[in-house]
1. Could we say that Ile177 is at pLDDT 90 or above, open to solvent by less than 10 Å² (accessible area, probe 1.4 Å), within 19 Å of Glu216 (Cβ to Cβ) and not in a helix (DSSP H, G or I) here?
2. Please work out which residue is most open to solvent (accessible area, probe 1.4 Å), limiting yourself to the range 114-160 and to residues that are part of a strand (DSSP E or B), farther than 15 Å from Ser74 by Cα and modelled with pLDDT of 85 or more.
3. Restricting to the range 41-96, what's the tally of residues that are hydrophobic (A, V, I, L, M, F, W, C), open to solvent by 50 Å² or more (accessible area, probe 1.4 Å) and modelled with pLDDT under 90?
4. For the range 173-186, name all the residues that are in contact (Cβ under 8 Å) with a residue 24 or more places away in the chain, of a type outside the set (D, E, K, R) and out of contact with any Lys or Arg (no Cβ under 8 Å at 6 or more places or on another chain).
5. Scanning the range 185-211 for residues that are under 24 Å from Met94 (Cα atoms) and open to solvent by less than 30 Å² (accessible area, probe 1.4 Å), which turns out modelled with the lowest pLDDT?
6. Assuming Glu58 fulfils every condition listed in (1) free of Cβ contacts under 8 Å to residues at least 12 places away in the same chain; (2) over 24 Å from Ala166 (Cα atoms); (3) of a type outside the set (S, T, N, Q) apart from one, which condition is it?
7. Within the bounds of the range 217-234, is there any residue that is modelled with pLDDT under 90 and open to solvent by less than 20 Å² (accessible area, probe 1.4 Å)?
8. Please determine, by comparing only the residues of the range 97-113 that are part of a loop (DSSP other than H, G, I, E, B) and open to solvent by less than 50 Å² (accessible area, probe 1.4 Å), which one is farthest from Ala165 (Cα to Cα).
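The values are calculated or read from the model by the stated rules, or taken from the named source; none is laboratory data. What you see is a predicted model, and the numbers here were worked out from it, not measured in a lab. As a convention, Cβ positions derive from the backbone with ideal geometry for all residues, glycine included, and neighbour counts pool all protein chains shown. Remember, those area values only see protein heavy atoms, side chains included, never the ligands or the DNA or RNA. Shrake-Rupley method; radii C 1.70, N 1.55, O 1.52, S 1.80 Å.
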Amino acid sequence: MKASSCLDLSCGKLVSTGAHVLLTQELMFLSHETNVVIKWVDTVFCSFDRVFACEFEESIVKVETQHNHLLAVSGCPNPREDSLEQMVRAAIRMVEASTRIIRPDGKRTTIRVGISLGPVSGGVVGVENPRFSIFGDTVVIAARMASTAEPSKKNDFVIHMSEAAAKAVSDEMLVRIRARWRCELTARGTGMMIKGKGMMQTYNLRQSTTNVIRTEHLDASGEKMYTRLKPPKIVV
């Protein structure tokens with residue numbers, strides 16, 4: 001899906017259509033000494049920075065890290081044909097990086113990841129300590145996807161997607177991603193209640209051991225439709 005964007009120089013406002021917004025949240029803060037928690041959170045966010053710098057420097061913009069979440073965008077301000085695929089790959093790599101980090105309580109770090117697709121507005125906000133920020137319903141939905149996501153664990157990533165983002169995932173893209181990570185895009189039930197948005201159909205991209213790449217719930221009865229990998233052509 002091609003994203004398009006424009007920059008209004010008169011007010012410093014950027015409007016993008018087709019941007020992919022990713023938001024991650026650490027599952028919990030811990031009751032430990034403040035300096036220990038801060039060091040742990042810094043280690044997690046630094047691991048994300050290395051992922052962006054090494055593999056996604058030209059395709060993803062990290063907008064902000066605040067408290068226990070990170071916000072990033074692709075396809076804005078520079079449109080890319082592969083912005084969604086880049087975002088999904090970055091999300092999986094962030095899960096892999098975070099699960100290598102041990103929390104202060106001795107357990108592995110777990111994060112929740114949400115991705116949405118749609119228009120965003122952005123610009124530099126503030127006079128003192130100004131910073132670039134993005135706004136809009138797409139950002140809100142990405143935040144809701146993250147807050148309602150299942151926690152991703154070692155060898156079991158779960159990327160929670162809005163319907164708009166999931167519908168933009170092609171079978172060809174899933175096949176390319178499966179070349180590195182075996183995964184399946186699955187409808188999360190027949191819809192869930194999202195704060196401020198009502199009932200929404202959402203999707204999980206998660207690890208899988210089958211040859212199914214996409215599962216859709218067709219109706220409230222729970223009937224499902226599967227899309228499987230095509231068998232390779234045999235050349236004689």
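1. Working: at pLDDT 90 or above: yes; open to solvent by less than 10 Å² (accessible area, probe 1.4 Å): yes; within 19 Å of Glu216 (Cβ to Cβ): yes; not in a helix (DSSP H, G or I): no.
No, not satisfied.
2. At the first step, the residues of the range 114-160 found to be part of a strand (DSSP E or B) are 114-125, 131-135, 152-153, 156, 158-160.
Next cut, farther than 15 Å from Ser74 by Cα only: 123-125, 131, 152-153, 156, 158-160.
Still in the running and modelled with pLDDT of 85 or more: 152, 156, 158-160.
On the way: Ser152: 1, Asp156: 53, Val158: 1, Ile159: 0, His160: 0 Å².
It comes out as Asp156.
3. Of the residues in that region, 1 qualify.
4. Met173, Val175, Trp181
5. So the first thing to find is which residues in the range 185-211 are under 24 Å from Met94 (Cα atoms), and the list is 185-188, 202-210.
Next, only the ones that are open to solvent by less than 30 Å² (accessible area, probe 1.4 Å) stay: 185, 187, 202-205, 208.
Numbers: Leu185: 92, Ala187: 90, Thr202: 94, Tyr203: 94, Asn204: 94, Leu205: 94, Ser208: 82.
For the range 185-211, the residue satisfying everything is Ser208.
6. That leaves (2) as the condition not met.
7. Taking the range 217-234 as the starting set, the residues that turn out to be modelled with pLDDT under 90 are 217-234.
Adding the requirement that they be open to solvent by less than 20 Å² (accessible area, probe 1.4 Å) leaves none.
No, that holds for no residue.
8. We begin by selecting, within the range 97-113, every residue part of a loop (DSSP other than H, G, I, E, B); these are 100-101, 103-107, 109-110.
Retained after the next criterion (residues that are open to solvent by less than 50 Å² (accessible area, probe 1.4 Å)): 101, 103-104, 109-110.
Details: Ile101: 29, Arg103: 31, Pro104: 34, Thr109: 26, Thr110: 23 Å.
Among residues in the range 97-113 that are part of a loop (DSSP other than H, G, I, E, B) and open to solvent by less than 50 Å² (accessible area, probe 1.4 Å), the one farthest from Ala165 (Cα to Cα) is Pro104.
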